[in-house]
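The next block holds one structure in the form of structure tokens; read it before the comments.
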């Protein structure tokens, strides 16, 4: 590290959105932890109450809980005087903010350097025209798009682009028609219309890449220009469906070496040209009929694909990037001691396959348009790892659909052939299940490939899966088939459904015949060296590599893929639990399948099982690891029920709040307190707010501490203390109150996830740790007295965010089951705090008093 | 599919399902960690006498296509994979891997725990003999142990007589010690007028054609198994015309200049090792397939200098002669499969030929 990188400011990602979830916070946590341990002073500015990094003193020296605005950014810079800023960890929003900052001149004035992405590159990334110019200059293949003023010019252009092309007016007056043309006749019409609509008499003709294959490449570059490729990812769905909504595989499944190498060359040269230091994610469109390909996007930050690539390959991407940001070069960076070959320079080679399956929010929001297109609609994803494409895919699907029937084809069975064709052409969420149905009805690979533009290879694989499914269904109790089903990733539960048996019967049959999973380690050298990443996946082969220790250990069951309803808070809780268990000396073992999860990293978990989480996945794992405790999220009720018969040392992680029906209408409050089994220590009173269009149910906005009359306050404290002292077990509880003309008690409950995350930040403490310590009876009096003696001089406010705008939904209710992310802010008193929280004017609140 | 076994000289047997030809074969067991390019690997004659395990589990997904052969008659002894994707209706091919291996009489096994075999090979730290057999009985192991693999690999794969690959540019003689098509492809791209000569061509045979330069090709096998006359040929030719040696050619070039070549404890086949260009400290990645390496200590600094080093195992990956326009690389600069980053070495070779012309 040189002095110019001694104090680094990082911008967070803000509230989780459709386009980014916890992967940003995950990257920030890992990078700041590595920076801090190298002696760098780290400053993080963010307003995401579910951020695990923000306020985490293991990772960040100065946490600034502020909305991400230019004003706040300048305030933070002037307060902390960073020597450098990492502009790209917070994703594209962060790059835009930094460009604004560049324009103020403050960077030069205060001699602050930008790490990772130089100024000129930031401008290009924020401006597609500039970026396209650069790509053209360096002769990288890009999509042809040109404005024309006549039909003849358009025809001339199509000589080089071929058909189809997309035609739209330049600077349209009023309405805009966008047409895809497949021949010159259609082109003539479209040009005619577009020229008529344009104020300047010009039409934009753009080469259409719909139906092309999408390939994504992740590369690393150091300041001296050394580069390597971390992974290549192939999307299952063609272009036309947003990459985030596509099933994806790594390594690439159908590329020829020469295609792969040419794409790699371009990815490396684009990264070189943009002088990026650290990570870069380049997306390509590949024309399957002739192998021509085009650069379509360049993202030099941690996103869903980079986190997928890191988890799938086992390459310690964040650690290496942290070092690159500090100015080290790849040849100097040493991987951790569990790698025998410790150079960061080896390109990962995989001897397993990873599949990524998106999770859509349509079960919660059935009114949204479920067709998939160029706008991303999924909220998160799961990862499945296996030793075949089938196994990886099935495991990812199982992880994504644990709450429903993974292969519930009943709905699809009822579709008419016409409907099937319609849905094949106009894809909807979870199309893969429909594809299986189409195969069952006898559609040929060629027909399906033609209708869907999905590579025939995948139909070859889906056909195998379809045959397997019928084989299983037709042969109940058959051991050869059972083995085969397990080999390709089936859970006991799936088999039991097809056999009309209980899950336990399948599990027992398997145990009696010694059909057990083995656990292989993810190893970026594909077995060439002894590389230990501590990340394992199950498969049904001969050799197991996971060697359980005799240490005191805890298994924590992760929250899985990111879905609506406070997933960020659940992952925060999982991560904080791992952190505390590790501090207590447990060997921490995580089972999870969300590549973007903060919890899913080797700083927090000594061992990670990258697995779906059904009963059969967990039970054998628990048997071989033999942990002292297993933490299961309370929300996994079926799993908990099933686990009951195995007599495991279960403990539960809290869930999102579920309010019982209100007894009366009026402002709501909660009184939160620690309870050790005897004594109650109050933490304070939260005031709940109602967001516009909220329905009854769990509040999605709140303020702490509540501003209320002293008499009400003491009434609430007294009643709350009484109710909480009546609980059976130690923990953090809250009693809910409604105020009308008097104070009514509503209920007493374990503090829900959201509020734990919020109150931890409001009180600047780690309530997850305290909850665990209370339950273990290891909480010391000193912590308690410090905490309960707190009288925060500032008010904190919290408001959940929803996906309605991104999904083009209107009139939906803002309720906790729809929550996507959240924002928070501090201020002086209620009005000021809410003003600070609501810098973008997106929120509307009231306190319920008129109801 | 029928059961077929991979049996190893240490007595272990792995059951899988057979594909390709139902032949019984024996060879050295090596693994390749490349994630793309199985067709190129299978057809690369470097694997003469060898059974290859692919660490990438999914093999066959793009079938076999006419543009990616690295030899006309592959001499690989067998193909071991975790999961055969027997696809033929691909966008670029008509032939599936299974069909191709049947045509070429090469056996394959799918459904093997390839990772556990690779881990075993790594732990043993030396190449092992292995057979692909229908029944893993005592007889099969006896056969395996009794089999002596040929050391006449180069003679077996090399062309028996010269043939041309005409072009309009510089004239290049390629000595066929086992010739990866990638070399011909790269020379063709640069319009070279190529004549391929058998491995036992003498310096006179080469110089009689008055070429602008000579390439020593990739091989299979042990450079010590070749007759000393090959080294004499190199010693003479390098003083007369630009020389570019690749793979086995590189090992022979080193030996012709008194450097020593020894067997590596474990063969390396893959494309992900960082290789350092010594002069610039630049890191490149290239396709590698080697069982032997030039001993760095033995390089006579008055004759040769080291140009490339593999940073993983510290092996010499490139040499250059101090007095003559002759250079060599251990890796395959034609890629196929593998990164194109070292493709420019062919341009360098062309330039050295052009300089000579002036």
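Bear in mind these aren't lab numbers, they're just calculated from the coordinates by the rules spelled out. Quick caveat: nothing in here was measured; it's all calculated off a predicted structure. Cβ sites come from the backbone with ideal geometry, for glycine too, and all protein chains shown count toward neighbours.
For the stretch A:221-350, take the alpha-carbon Rg, divide it by the Kirkwood Rh, and send me Rg/Rh. With Rh from the inverse mean 1/r over Cα pairs, Rg/Rh is 0.96.
Roughly speaking, what % of Cα-Cα pairs in chain A are separated by over 39 Å, rounded to a whole number? Percent of Cα pairs beyond 39 Å in chain A: 41.
Let me confirm one metric for peptide B:52-65, namely the mean number of other chain beta-carbon atoms within 10 Å of its residues' beta-carbons. Spell out each step's value before the answer.
Working: counts 0, 2, 2, 9, 7, 13, 15, 0, 2, 11, 8, 3, 0, 1.
Per residue, the average neighbour count from other chains is 5.
Using the Cβ-Cβ distance between residue B:191 and residue B:355 with R0 set to 22 Å, the FRET efficiency works out to roughly 0.80.
Gyration tensor analysis over the Cα atoms of the stretch A:730-812 returns equivalent ellipsoid semi-axes of 29, 19, 15 Å (largest first, whole Å). The stretch A:780-811 and the stretch A:436-494 have Cα centres separated by 47 Å.
With Rg and the Kirkwood Rh both taken from Cα atoms, where does Rg over Rh land for the stretch A:549-599? Each step should come with its number before you reach the end.
Working: Rg = 11.5 Å, Rh = 11.3 Å.
My calculation of the ratio gives 1.02.
Taking other Cβ atoms within 10 Å as a rough exposure proxy, A:440, A:520, A:840 sort from fewest to most as A:840, A:440, A:520. Between residue A:747 and residue A:547, what's the calculated FRET efficiency when r is the beta-carbon distance and R0 is 45 Å? Round to 0.05. For R0 = 45 Å, the calculated efficiency reads 0.45.
More than 27 angstrom separation, counting every C-alpha pair in chain B; what % is that? Across chain B, Cα pairs with separations above 27 Å total 45 percent.
Over the alpha-carbon set of the stretch B:3-146, divide Rg by the Kirkwood Rh and report the Rg/Rh ratio to two decimals.
Working: Rg = 14.2 Å, Rh = 14.9 Å.
Reported Rg/Rh, Kirkwood definition of Rh: 0.95.
Once you divide the Cα radius of gyration of the stretch A:145-207 by 2.2 N^0.38 Å, the number left is 0.95.
Here the scattering of the stretch A:3-115 is modelled by Debye summation over its C-alpha atoms, one equal scatterer each and no solvent; at q = 0.13, 0.19 Å⁻¹ the log10 of I(q)/I(0) is -0.41, -0.91. A simple spin-label model places pseudo-atoms 7 Å from Cα toward Cβ; at residue A:440 and residue B:99 they are separated by 3.1 nm.
Shown is the FRET efficiency for residue A:71 and residue A:130, computed with R0 = 25 Å from the Cβ-Cβ distance and rounded to the nearest 0.05: 0.40.
Counting, for every residue in A:379-388, the Cβ atoms of other protein chains within 10 Å of its Cβ and taking the mean gives 2.
For peptide A:521-527, the mean count of partner chain Cβ atoms within 10 Å of a residue's Cβ comes to 6. Binning the alpha carbon pair distances of the stretch A:668-846 at 10 angstrom intervals from zero yields the distribution 9, 37, 36, 15, 3, 0, expressed in whole percent. Peptides B:212-220, B:16-24 ranked from most to least packed by the mean count of surrounding Cβ atoms within 10 Å: B:212-220, B:16-24.
In the stretch A:796-842, one over the average inverse separation of all distinct C-alpha pairs is 11.6 Å, which is the Kirkwood hydrodynamic radius. The gain in end-to-end length when the residue B:280 to residue B:229 segment is fully stretched comes to 14.8 nm, 0.36 nm per residue minus the alpha carbon separation.
Taking every DSSP bridge with both residues inside the protein assembly as shown, close to 70 percent are antiparallel.
Rounded to the nearest whole angstrom, the semi-axes of the ellipsoid equivalent to the stretch B:226-358, taken from the Cα gyration tensor as √(5λ), stand at 22, 18, 13, largest first. Ranked by the mean number of other Cβ atoms within 10 Å of their residues, highest first, the peptides B:181-189, A:739-747, A:383-391 fall in the order A:383-391, B:181-189, A:739-747.
Computed extension gain for residue A:119 through residue A:371, at 0.36 nm per residue and net of the alpha carbon distance, reaches 86.9 nm.
Each listed q (0.16, 0.20 Å⁻¹) maps to a log10 I(q)/I(0) for the stretch B:154-202, found by the Debye formula over equal Cα scatterers with no solvent: -0.40, -0.60.
The percentage of C-alpha pairs in the stretch B:231-284 whose separation is greater than 19 Å is 47%.
In whole Å, how far is the Cα centre of the stretch B:1-72 from that of the stretch A:115-189? Here the two parts' Cα centres lie 46 Å apart. Across the stretch B:106-219, counting alpha-carbon atoms alone, Rg and Dmax equal 20.4, 59 Å.
Express the relative contact order of chain B as a whole percentage, based on alpha carbon pairs under 8 Å and six or more residues apart in sequence. Present the calculation step by step, with values, prior to reporting the outcome.
Working: 893 pairs, mean separation 54.2, N = 358.
The value is 15 percent.
Panel note: the C-alpha atoms of the stretch B:287-358, placed on their principal axes, show extents of 40, 34, 16 Å (largest first).
Summarising the label geometry, the points placed 7 Å from Cα in the beta-carbon direction at residue A:150 and residue B:137 lie 8.5 nm from one another.
Label zone (residue B:204, point 7 Å along Cα-to-C-beta; backbone nitrogen cut-off 14 Å) within the stretch B:232-273: B:233.
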